[in-house]
Ligand code: IVH
């Protein structure tokens, strides 16, 4: 078989398997086999770049960097929808539609209004050629490389599958699935970074990212809701949705055909609560006239079609009694005030507590004893208190306000607040039980030392029995100390009792888990140590850069800020960590226990030594590498990588669109500048 035939065959096979997986929820092959085929294709494409097909599934993995997205004009303008929050206005609109159609019979299609960003996708002869954002409605950004990472979007459709020909445009809503949003936030929080605000903004931001490999990792998705085809072969919107679904497009099954506005209102009511079961954020319902000829008759206003309207759900907000305010102490000692609420159901889940963020927010809300408060789900994910329900809080004026605390609720140490920060902290790092417990929980989590035979309850038992004072103590636990320990837990919410007891099997598992954690790689140990602001990614970069704990410990502030991803704040925190005597004791206990404090070979693909002893930096974008790939390449060949230009720098690799100020500075300092090709030569020729 020729390379072309092989590439064609693999491309078709992988696209077919992808369709089966994402549209039919079936897999003919294991994930491993799929990856193997994809790798084969990647290799063939690398060797024969001229044979890469536009619908190659390798585009889904991303890897292209787009510096500036090209602005392109929409073939048909992307209008918005007129919208309303009231049923009466909806009935008025229905009346206008009826008049506009001179009393003829008609139907509506009801759809969910997905809350992401609108996208237009063009297909020519069955091939996805372009993905564009809405922009200002007349022109948008060409984000084809990013749109191609959407797994549920066919990159090619077979002509036979389409009753409307193979050149057409589809419109849909690109979104970040709730599950992905939650997972990303979990990771960001664990790394001490600011979580994303809501799935909509996250989707909008991600679709505009320059590195499509990062976009691919974020697993964006898209629901298709309109078809535009020149030949007008289909008569109704319902027919289009069905045909699109059949051709492999991701059309949500939530749409429904209705005969009149009352049925449409029933649809609205049905989905008001049920919409939270969907994988994507939603903000209302769209009503559309079904028949295309009738749509034409109704026409458009300057901004929106007369044949469609959006009914928006109000952000669900409920009033409930504020039972009290409690204060949580986090792993870092930060104090978060929490509203304790009479349970209330919001967006399908029971809410009993809601964050009050910090003391400033508490003051703004002016919460008093006996108050009722409105609770909302911010971005429909995290509950928050928005204001006091003054109508129900009859005694608000005369009641005593809830005050922020002056000392730690757990250890009674006076709280402190750093200048410029919103949060109050308990400074008793060494002796405050919830901080200690938080640090141990952080240490054992999957992304750190991964001791899954331990959990919150078991750690509490160990702490209460005086067996552990920090995570390092886990490594001196003995079988006979643990056997027979027990504790009755009372569930905070249900009041149900649950007994945790350490039987033989439990103890064996705990000790086995602790033992196995000794082989976790250095980067994970470093993350588990819980240095403030050192998240998983930063820990990996530090481990790669310094190679072992001693080098990291000795690093000066200047050396630390030279590491990719490390800024002043992080560097400062690392220096402070190592200069603290308690941390030194903790660290030496971990060393005695035999944990990995050296970056092993496993993680570093060592390609060669051609850059050994050299310090490099890049600017601009490159043809063959994303930023991460270039950094990895430098390290894999023995080089060091820094972030800023200094005299110490050996080479500046200059790419497309390089920053002029960087170039000027490099020139002034006499740093050698090389191209991407020079860099590759250096590696190849040593
Ligand atoms: S139809 C002529 N259907 O809502 C307008 N739009 O405010 C055609 N949207 O920009 C749009 N779900 O991003 C339509 N099922 C749906 C939708 C939907 C979400 C968004 C879309 C549009 C905005 C209009």
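The values are calculated or read from the model by the stated rules, or taken from the named source; none is laboratory data. The model shown is predicted, which means the values in this text are computed figures rather than measured ones. Positions of Cβ are backbone-derived with ideal geometry, glycine not excepted, and every protein chain shown enters the neighbour counts.
Numbers below:
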quantity	calculated
Hey, residue 303 within 15 Å of the ligand (Cβ to nearest atom), over 30 Å from the mean Cα position of the chain (by Cα), surrounded by fewer than 22 Cβ atoms within 10 Å (Cβ to Cβ) and part of a loop (DSSP other than H, G, I, E, B) or not	yes
Residue tally, condition free of Cβ contacts under 8 Å to residues at least 40 places away in the same chain and assigned to a helix (DSSP H, G or I), over segment 78-120	6
So residue 309, is it under 22 Å from residue 138 (Cα atoms) and within 11 Å of the ligand (Cβ to nearest atom)	yes
Which listed residue, of 578, 641, 597, is buried (at least 20 other Cβ atoms within 10 Å of the Cβ) and touching a residue at least 24 places away in the same chain (Cβ under 8 Å)	641
Every residue from segment 265-291 that is farther than 27 Å from residue 221 by Cα and surrounded by 16 or more Cβ atoms within 10 Å (Cβ to Cβ)	265, 291
Residue under evaluation residue 59, criteria (1) away from the ligand (no atom under 16 Å from the Cβ); (2) assigned to a loop (DSSP other than H, G, I, E, B); (3) buried (at least 18 other Cβ atoms within 10 Å of the Cβ); (4) touching a residue at least 60 places away in the same chain (Cβ under 8 Å), criterion not met	(2)
Members of segment 630-652 that are more than 15 Å from residue 669 (Cα to Cα) and out of contact with any helix residue (DSSP H, G or I) (no Cβ under 8 Å at 6 or more places or on another chain)	630, 631, 632, 634, 636, 638, 639, 642
Helices (runs of 4 or more DSSP H) wholly inside segment 224-299 that include at least 3 residues being closer than 22 Å to residue 154 by Cβ, within 16 Å of the ligand (Cβ to nearest atom) and more than 26 Å from the chain's Cα centre (by Cα)	237-246
Residues (touching a helix residue (DSSP H, G or I) at 6+ places or on another chain (Cβ under 6 Å) and within 30 Å of residue 64 (Cα to Cα)) located in segment 221-263	224, 227, 247, 248, 251
Matching residues in segment 123-156 - criterion: being within 16 Å of the ligand (Cβ to nearest atom), in a strand (DSSP E or B) and surrounded by fewer than 20 Cβ atoms within 10 Å (Cβ to Cβ)	139, 141
Residue within segment 78-90 that is closer than 23 Å to residue 148 by Cα and touching a strand residue (DSSP E or B) at 6+ places or on another chain (Cβ under 9 Å) present	yes
Selection count where residues are touching a strand residue (DSSP E or B) at 6+ places or on another chain (Cβ under 8 Å), crowded, with 17+ Cβ neighbours inside 10 Å and outside any helix (DSSP H, G or I), scope segment 420-463	5
Residue match in segment 549-558 (condition: buried (at least 16 other Cβ atoms within 10 Å of the Cβ), over 19 Å from residue 447 (Cα atoms) and under 24 Å from the mean Cα position of the chain (by Cα))	no
Single match in 337, 409, 383 (criterion: in contact with a helix residue (DSSP H, G or I) (Cβ under 6 Å, 6 or more places away or on another chain) and either surrounded by 15 or more Cβ atoms within 10 Å (Cβ to Cβ) or assigned to a loop (DSSP other than H, G, I, E, B) (or both))	337
In segment 633-650, residue farthest from the chain's Cα centre (by Cα) [restricted to those that are under 15 Å from residue 676 (Cβ atoms) and assigned to a helix (DSSP H, G or I)]	634
First in segment 313-328 and closer than 28 Å to residue 286 by Cα, second anywhere and in a strand (DSSP E or B) and at pLDDT below 85, Cβ under 8 Å, 6 or more apart	315/377; 316/346; 316/377; 318/345; 318/346
Any chance residue 173 is buried (at least 17 other Cβ atoms within 10 Å of the Cβ) and either under 22 Å from residue 240 (Cα atoms) or within 16 Å of the ligand (Cβ to nearest atom) (or both)	yes
Flag if residue 342 is away from the ligand (no atom under 16 Å from the Cβ) and part of a loop (DSSP other than H, G, I, E, B)	no
Any hit, segment 554-562, residues being in a helix (DSSP H, G or I), under 28 Å from residue 187 (Cα atoms) and without any contact (Cβ under 8 Å) to a residue 12 or more places away in the chain	yes
Residue tally, condition more than 15 Å from residue 226 (Cα to Cα) and more than 12 Å from the ligand (Cβ to nearest atom), over segment 85-120	23
Number of positions in segment 205-223 that are more than 16 Å from the ligand (Cβ to nearest atom) and assigned to a strand (DSSP E or B)	1
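Let's see how each residue does on (1) surrounded by fewer than 17 Cβ atoms within 10 Å (Cβ to Cβ); (2) farther than 24 Å from residue 275 by Cβ:
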{"site": "17", "(1), (2)": "no, yes"}
{"site": "29", "(1), (2)": "yes, yes"}
{"site": "36", "(1), (2)": "yes, yes"}
{"site": "44", "(1), (2)": "no, yes"}
{"site": "93", "(1), (2)": "no, no"}
{"site": "103", "(1), (2)": "yes, yes"}
